[in-house]
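Pasting a structure here, questions to come.
The values are calculated or read from the model by the stated rules, or taken from the named source; none is laboratory data. From a predicted model like this one, the values you see are computed outputs, not experimental measurements. Here the Cβ is made from the backbone with ideal geometry for all residues, glycine too, and neighbour counts use every protein chain on show. Remember, those area values only see protein heavy atoms, side chains included, never the ligands or the DNA or RNA. Shrake-Rupley method; radii C 1.70, N 1.55, O 1.52, S 1.80 Å.
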Amino acid sequence: METISEQRCFGGIQGFYQHDSRETATPMRFAVYQPPAAKDSSVPVLYYLAGLTCTEETATIKAGAQQLAAEHGLMLIMPDTSPRGAGIEGEDDDWDFGTAAGFYLDATASPWSKNYRMYSYVTEELRALINDRFNTNPEATGIFGHSMGGHGALTIALKNPEIYSSVSAFAPICAPTQCPWGEKAFSGYLGTDRQSWSAYDATELVKSTQLNSPILIDQGMEDGFLEEQLKPELFEGACDSAGQELTLRRHEGYDHSYYFIQSFMADHIAHHAAILSRL
């Protein structure tokens, strides 16, 4: 692991790092905020997954989460959103597929299957690296994210309830098998067998797996992607039918931007801290 930079931030350390990933077969960058409490004891760890076009820097710079994490004693992990420089023809052609659009799944279709393994990267390789190199409490792990990253957080938590004890999302892609973004990504990464897509669709997953902790989702009602791409009402209905506790808050006047995320970040950090501090 290579340290790119480290700066003092709210009494803790904001760092950027790089390592050679076995899952993606590329160098991968990630950001870590170590709260002041991590100097003296192991602390809960909270992963944030960013959305389309973003990097490990996006939320680190724009979300305003470090002060809150310092106050609650949470370590924040912000991975990149896809492999970069894999050398696949066409990977940089579209903003919503390929580079910066890994969708937090393990691709099975050629030529993406060699490198686009963000699900295993986040849940296995990066998690092991973080727990080995930083002062974390592996038994107290949460995950949240925005848009594509909200999709990733929901699906990862539902697929791994024994690992992730808390989950939340900002404006997540709730039913990717039923929206243009998801259909484009899943057909490219997973192939044409639509049945296999359900393994990465939160609305489908919650029908068979429920979490012991409540899910928190915030959605802006002026979000330009709400009706066509995000479809929170489908996830809400599935949670209601399955008995999964969900708080879905709809906010008038808010859009899809990081101004929206900043506005409700304190609630999300508190949501995770309340659950993880008990572990």
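Is it fair to say residue 44 is open to solvent by less than 50 Å² (accessible area, probe 1.4 Å), within 20 Å of residue 5 (Cα to Cα), modelled with pLDDT of 95 or more and touching a Leu at 6+ places or on another chain (Cβ under 7 Å)?
On the way: open to solvent by less than 50 Å² (accessible area, probe 1.4 Å): yes; within 20 Å of residue 5 (Cα to Cα): no; modelled with pLDDT of 95 or more: yes; touching a Leu at 6+ places or on another chain (Cβ under 7 Å): yes.
Taking the combined requirement at face value, the residue does not satisfy it.
A further question on this structure: For the range 106-144, which residues satisfy the criterion of being in contact (Cβ under 8 Å) with a residue 24 or more places away in the chain, closer than 23 Å to residue 272 by Cβ and of a type in the set (A, V, I, L, M, F, W, C)?
118, 122, 126, 129, 130, 134, 140, 143, 144
Residue-wise test of (1) surrounded by fewer than 18 Cβ atoms within 10 Å (Cβ to Cβ); (2) under 20 Å from residue 132 (Cα atoms); (3) of a type in the set (Lys, Arg).
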residue: 23; (1), (2), (3): no, yes, no
residue: 30; (1), (2), (3): no, yes, no
residue: 37; (1), (2), (3): no, yes, no
residue: 51; (1), (2), (3): no, no, no
residue: 54; (1), (2), (3): no, no, no
residue: 57; (1), (2), (3): yes, no, no
residue: 64; (1), (2), (3): yes, no, no
residue: 69; (1), (2), (3): no, no, no
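For the range 1-21, name all the residues that are under 26 Å from residue 120 (Cα atoms), without any contact (Cβ under 8 Å) to a residue 24 or more places away in the chain and surrounded by 12 or more Cβ atoms within 10 Å (Cβ to Cβ).
The answer is 15, 17, 18.
Sticking with this structure for a sec: For the range 234-248, enumerate the residues that are surrounded by fewer than 16 Cβ atoms within 10 Å (Cβ to Cβ) and closer than 14 Å to residue 167 by Cα.
Within the range 234-248, 245, 247 meet the criteria.
Determine whether residue 143 is open to solvent by less than 10 Å² (accessible area, probe 1.4 Å), assigned to a strand (DSSP E or B) and either over 23 Å from residue 14 (Cβ atoms) or modelled with pLDDT of 95 or more (or both).
yes
Give just the number: which of (1) in contact with a helix residue (DSSP H, G or I) (Cβ under 8 Å, 6 or more places away or on another chain); (2) crowded, with 24+ Cβ neighbours inside 10 Å; (3) aromatic (Phe, Trp, Tyr) does residue 121 not satisfy?
(1)
To continue, here is another question. Could you please let me know if residue 188 is of a type outside the set (Phe, Trp, Tyr), more than 16 Å from the chain's Cα centre (by Cα) and buried (at least 16 other Cβ atoms within 10 Å of the Cβ)?
Yes.
I want to confirm something. Restricting to the range 165-181 and keeping residues that are without any contact (Cβ under 8 Å) to a residue 60 or more places away in the chain and touching a helix residue (DSSP H, G or I) at 6+ places or on another chain (Cβ under 6 Å), which single residue is surrounded by the fewest Cβ atoms within 10 Å (Cβ to Cβ)? Break it down stepwise before answering.
To start, the set of residues in the range 165-181 that are without any contact (Cβ under 8 Å) to a residue 60 or more places away in the chain comprises 167, 169, 173, 177-180.
Then drop every residue that is not touching a helix residue (DSSP H, G or I) at 6+ places or on another chain (Cβ under 6 Å), which leaves 167, 169, 173, 177, 179.
On the way: 167: 28, 169: 30, 173: 32, 177: 16, 179: 21.
Restricting to residues being without any contact (Cβ under 8 Å) to a residue 60 or more places away in the chain and touching a helix residue (DSSP H, G or I) at 6+ places or on another chain (Cβ under 6 Å), the top hit is 177.
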